[in-house]
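Structure first, then comments.
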Amino acid sequence: MLTRHEVRKVFEIVPTGVPKIVCALLYGTGMRLLEGLRLRVKDLDFRSGSVIVRSGKGDKDRISMLPRRLEPALQRQLARVREAHLGALAKGYAGVELPHALARKYPNATYDLGWQYVFPAAKPSRDPRSGVRRRHHLHERTIQRAFKAAVREAALTKPATCHTLRHSFATHLLEGGYDIRTIQELLGHSSVKTTMIYTHVLNRGGSGVESPIDRL
């Protein structure tokens, strides 16, 4: 995990724009990288301050908090998505890929703004199965490279990847006094035993105890 200071240091270096928004969203919600990149416009609920993580590990859906601090950046991102989507429709855009059998049940949903990716790729690509050109979500490597470069420039003494932000999210919530069951739900763990690993990270032994002389 990273300390709060280390997270702040890395975020100051991550390029402004989509890479910074995605990384901040991973740390602010506890999502995995692919879960964040697969977000659809309709998955963000600004009114309730929540984000729906669909088809996570184990093909399960869950709800996490939508950090208020990220709302302005996400609203600007959605405005860009809407503008690009309307422009693509005017050029005969084939629509976004829909999960499971939804394309057959709701054939027009592929053109709805709500189903478009929050972080779409810059250009449409050809679907290898259908041959149709569609706009996929941003590739994971784009964010991974930006984060790796920021970690290197920040000169951290520990290795860190995008997934480290998820670990840091959980550990910092525990440090803040939130209960293990709540964190389990936010992370989408099937068993609380998986979440309990973060309590071991906090078990610092004597280094976590304040000496009485420091209170004099």
Under 22 Å between alpha carbons - lysine pairs in the chain that sit 8 or more apart or on different chains: 16
Spacing of the two label points (7 Å from each Cα toward its C-beta) at LYS148 and SER130, in nm: 3.2 nm
Ranking SER55, SER50 from most to least accessible area with a 1.4 Å probe gives SER55, SER50
Using only the alpha-carbon atoms, how far is helix 162-175 inclined from the longest principal axis of the chain? Give it as 0 to 90 degrees, nearest 10. 50 degrees
Projected label distance in nm at ARG4 and THR157, using a 7 Å step from Cα toward the beta-carbon: 2.1 nm
Mean separation of Cα contacts under 8 Å, 6 or more apart, over the residue count of the chain: relative contact order %: 27 percent
What is segment 37-79's relative contact order, in percent, from Cα pairs under 8 angstrom and six or more apart in sequence? 30 percent
Estimate the FRET efficiency between LYS105 and ARG82 by the formula 1/(1 + (r/R0)^6), using the beta-carbon distance for r and 35 Å for R0, to the nearest 0.05. 0.90
With axes computed from alpha carbons, what is the tilt in degrees of helix 140-153 against the longest principal axis of the chain, rounded to the nearest 10 within 0 to 90? 30 degrees
Which length gain, in nm to one decimal place, applies between ARG141 and ILE63 when the Cα-Cα distance is subtracted from 0.36 nm times their residue separation? 25.5 nm
State the percentage of accessible surface on the chain attributable to carbon and sulfur atoms; use a 1.4 Å probe and exclude ligands, DNA and RNA. 54 percent
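Tally Lys and Arg at +1 and Asp and Glu at -1 over the other residues with C-beta under 11 Å from the C-beta of GLY36: what net charge comes out?
0
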Give the distance, in whole Å, between the Cα centre of segment 141-168 and the Cα centre of segment 19-83. 19 Å
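The values are calculated or read from the model by the stated rules, or taken from the named source; none is laboratory data. This is a predicted model, so every value here is computed, not measured. Note that we place each Cβ from the backbone using ideal geometry, even for glycine, and neighbour counts take in every protein chain shown. Quick note on the areas: whole protein, heavy atoms, side chains included, nothing else; ligands and nucleic acids left out. Shrake-Rupley method; radii C 1.70, N 1.55, O 1.52, S 1.80 Å.
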